[in-house]
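Structure first, commentary second.
The values are calculated or read from the model by the stated rules, or taken from the named source; none is laboratory data. In this text the structure is predicted, and so the values were computed from the model without any measurement. Glycine also receives a Cβ, built like all others from the backbone with ideal geometry; neighbour counts cover every protein chain displayed.
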Amino acid sequence: MAHPKQRTHSGEGHLVSNIITFVIIMLIFFGSLYAFSLESVIGPIPAFAIGLGLFTLAFFIPKQIIGRSDTYHDA
C-alpha cells in the first residue's frame, strides 16, 4: 500500500488560519492580564476569577483542543 507524503508538522499549509488562531489566543491571554488589573474596580475575587478563567482558556484551547490535530491512529 502506498503511503502518502507525511507533513512535517500539523499546521503546514495553513498559514492564515494559524495566524488568526494565534491572534485570538493572544487576545484571550491579554484579556486575562487586563482582568487581573481590574481588582480596584470590580474587587479582587471577581477580577481573579475572570483572569484565571481567561488564562485557562488561553492555555487549554491550544494545548488540548487545537494541539490534537496531528494525532492519528493507524488502522
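Worth a mention:
- Neighbours by Cβ (under 6 Å, 6+ apart or cross-chain): first from the stretch 15-30, under 15 Å from Lys63 (Cα atoms); second among the small types (Gly, Ala, Ser) and not in a helix (DSSP H, G or I): Asn18/Gly11
- Odd one out for Leu57 among (1) in a loop (DSSP other than H, G, I, E, B); (2) modelled with pLDDT of 90 or more; (3) not acidic (Asp, Glu): (1)
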